[in-house]
Amino acid sequence: MRGLIWFRRDLRTLDNTALIDAIRAVSDSQDDNQGLLALFVVTPEQWQEHHLSPMQADLIRLRLLTLSTELKALNISLAVETVDNFSNCPSLITEVCQRFDIEQVFANAEYELNETTRDAQVEEALTEHDVAFTLCSDKCVFTPGSLLNKQGSYCKVFTPFKKTWLQRFSVEQSVVHKPKSLDVNSLYDQGLEYKGDLTYPTVDSAQWHNNTKDVIAELRRFAIERASDYQQDRDFPALDGTSLLSPYLAIGMLSVRQCIARLLNGRHPEQLNEGEQTWLSELIWREFYQHLIYFEPKLCKGRSFVLWSDNLHWQGENEHLEKWQRGETGYPIIDAAMKQLYQTGWMHNRLRMVVASFLTKDLLLDWHDGEAYFMSQLVDGDFAANNGGWQWSASTGCDAQPYFRIFNPISQGQKFDPDGSFVKQWLPELKAVPTKYVHSPWLWADFPSLDYPDPIVDHKQQREKALQMYKDAKASGS
Ligand SMILES: Cc1cc2nc3c(=O)[nH]c(=O)nc-3n(C[C@H](O)[C@H](O)[C@H](O)COP(=O)(O)OP(=O)(O)OC[C@H]3O[C@@H](n4cnc5c(N)ncnc54)[C@H](O)[C@@H]3O)c2cc1C
């Protein structure tokens, strides 16, 4: 049997369900015509439409090179093909199958609307050519759609989702599966070999790992040295308190099972300490948002989860969007966070919530603009987590922050960056500001000597306007 393993956001050989199934199917087949080809498809127009960041594209580019080496060690060749967008995938995959006499295509399921539509179209095209298409469940511990509450409907609130998740979880679900090496001839075509070029703009991602060994070492280090302190450290951006593994989970260099297996290290979730349990909860949040897009495809069409919030009349000034993006709002915690994002492709979770609140409830600008900008910058951009995070912050989402809770950018800074070290790291122009004023430098007598802007809006005034804006939307329909 000849098979094709189609890689998407699952760029790993270890614990990759579709790859393992494909190797097994090919190895178990009895005929002489055995072989397995791996394929990755670059879709530049689609990526642009999805706002894929140049930094994540670069991480994918580099990862494909290391993945190709890992696959060679398993006797599998990786081909990389480019088509404009998802709608070209059915013909491309069919052509590759015909060229290599492939009988079965394996891939791991994705749950975003465009991705599920693409896969349905690919399946239809393959069926016409008598090629089987097998989609495996890999991205989450529980396949999206499979965790329901006692009434048989899906959980719209995180806490019951997490409770059900933990009740149904068994340690076997976190077993990390290793692929066997393919003991047959590799399918190989010189013309398909990947040279490390993508027809997509890229920005150097060298500060992130593209090698499996290094990522696993990071996971190990976090689980052993920092997970226990996660609960107390995770909200302080100046501390090394979170795992920084999100880029690898986002492009599938790492599986959620690898994370959980390393965290548990032979224990049951109940035996974890508080810090470790909190980290597990974050991995469950990731699953919650995957389940949500599965049940609510409207989220992939730009709709809010809460119906009345589609009536929000955003009344902010357009030029403030650029100031927010550039980190020139005059609020140090916001500006430092936005500079961190721009320079590293990553932003601390506490700050993602604070800057998202600021865009929507201080600048009164549409969360969709923030969502798109984040995707265009984040090295860990993931549609479900990003949409979930934005809708949570904008109070338009499932189990979201109530609209009357509005983060104060000054007190958030004082609470989570008390000595201002995070702010000073990203805004060196504030180095001389005494700690007392670092989150409200305009109150410092020497402020005029600084090369730093006045606040672009007054938080108290904007808060009142935001409350009214939300009240009006709520009153105008459900
Ligand atoms: C407005 C906004 C946008 C966001 N956009 C993204 C995004 O595009 N991609 C993304 O992976 N996360 C996103 N998040 C969630 C979260 O901020 C990041 O996952 C986290 O900061 C990544 O850092 P870490 O790996 O050190 O996380 P850790 O704290 O170490 O958590 C471990 C892992 O759990 C998952 N996780 C943690 N928190 C969340 C959460 N709230 N929702 C979903 N998954 C979570 C991530 O995969 C993360 O790597 C967003 C949050 C907000 C508020």
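Here is how the numbers come out for the structure above:
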| read-out | value |
| --- | --- |
| Single match in 397, 413, 420 (criterion: surrounded by 20 or more Cβ atoms within 10 Å (Cβ to Cβ), touching a residue at least 60 places away in the same chain (Cβ under 8 Å) and within 15 Å of the ligand (Cβ to nearest atom)) | 397 |
| Residue check for residue 380: within 21 Å of the chain's Cα centre (by Cα), within 22 Å of residue 52 (Cα to Cα) and away from the ligand (no atom under 11 Å from the Cβ) | no |
| Top-ranked residue in region 181-207 [being acidic (Asp, Glu) and at pLDDT below 75; ranked as nearest to residue 63 (Cα to Cα)] | 193 |
| Count of residues meeting criterion [among the basic types (Lys, Arg) and either open to solvent by less than 10 Å² (accessible area, probe 1.4 Å) or not assigned by TED's automatic domain parsing to the domain that holds residue 133 (or both)] in region 22-71 | 1 |
| Condition met for residue 264 (more than 14 Å from the ligand (Cβ to nearest atom), under 30 Å from residue 15 (Cβ atoms), at pLDDT 95 or above and in contact with a Leu (Cβ under 8 Å, 6 or more places away or on another chain)) | yes |
| Hits in region 349-377 (condition: in contact with a Lys or Arg (Cβ under 9 Å, 6 or more places away or on another chain) and at negative phi) | 349, 350, 357, 361, 362, 363, 374 |
| Among residues of region 444-465, those that are hydrophobic (A, V, I, L, M, F, W, C), within 24 Å of residue 237 (Cα to Cα) and surrounded by fewer than 13 Cβ atoms within 10 Å (Cβ to Cβ), counted | 0 |
| From the options 100, 40, 106, 86, residue that is under 23 Å from residue 253 (Cα atoms) and touching a Gly at 6+ places or on another chain (Cβ under 9 Å) | 106 |
| Test set (1) within 16 Å of the ligand (Cβ to nearest atom); (2) farther than 27 Å from residue 241 by Cα; (3) touching a residue at least 60 places away in the same chain (Cβ under 8 Å); (4) open to solvent by less than 10 Å² (accessible area, probe 1.4 Å) - residue 368 fails condition number | (4) |
| Pair list, Cβ under 7 Å, 6 or more apart: region 126-152 residue on the phi > 0 side of the Ramachandran plot, other residue surrounded by 15 or more Cβ atoms within 10 Å (Cβ to Cβ) and among the hydroxyl-bearing types (Ser, Thr, Tyr) | 145/294 |
| Extreme residue, nearest to residue 175 (Cα to Cα), among residues of region 267-319 that are more than 16 Å from the ligand (Cβ to nearest atom) and buried (at least 21 other Cβ atoms within 10 Å of the Cβ) | 312 |
| Lone qualifier among 163, 156 - being at pLDDT 95 or above, assigned by TED's automatic domain parsing to the domain that holds residue 283 and open to solvent by 60 Å² or more (accessible area, probe 1.4 Å) | 163 |
| Selected residue [more than 15 Å from the ligand (Cβ to nearest atom), open to solvent by less than 60 Å² (accessible area, probe 1.4 Å) and touching a helix residue (DSSP H, G or I) at 6+ places or on another chain (Cβ under 9 Å)] from 248, 230, 194 | 194 |
| Every residue from region 50-71 that is in contact (Cβ under 8 Å) with a residue 40 or more places away in the chain and not aliphatic (A, V, I, L, M) | 50, 51, 53, 54, 56, 58, 61, 63, 66, 68, 70 |
| Matching residues in region 438-478 - criterion: being part of a helix (DSSP H, G or I) and under 19 Å from residue 419 (Cα atoms) | 441, 442, 443, 447 |
| Which listed residue is in contact (Cβ under 8 Å) with a residue 24 or more places away in the chain, more than 26 Å from residue 159 (Cα to Cα), within 11 Å of the ligand (Cβ to nearest atom) and open to solvent by 10 Å² or more (accessible area, probe 1.4 Å), from 346, 392 | 346 |
| Among the residues listed as 168, 118, 99, the single one being surrounded by fewer than 16 Cβ atoms within 10 Å (Cβ to Cβ) and within 30 Å of residue 398 (Cβ to Cβ) | 168 |
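The values are calculated or read from the model by the stated rules, or taken from the named source; none is laboratory data. Worth saying up front: this structure is predicted, and the values here are computed from it rather than measured. Counting neighbours? That spans all protein chains shown, and the Cβs are built from the backbone with ideal geometry, glycine included. Areas reflect the complete protein model, heavy atoms only, side chains present, ligands, DNA and RNA absent. Shrake-Rupley method; radii C 1.70, N 1.55, O 1.52, S 1.80 Å.
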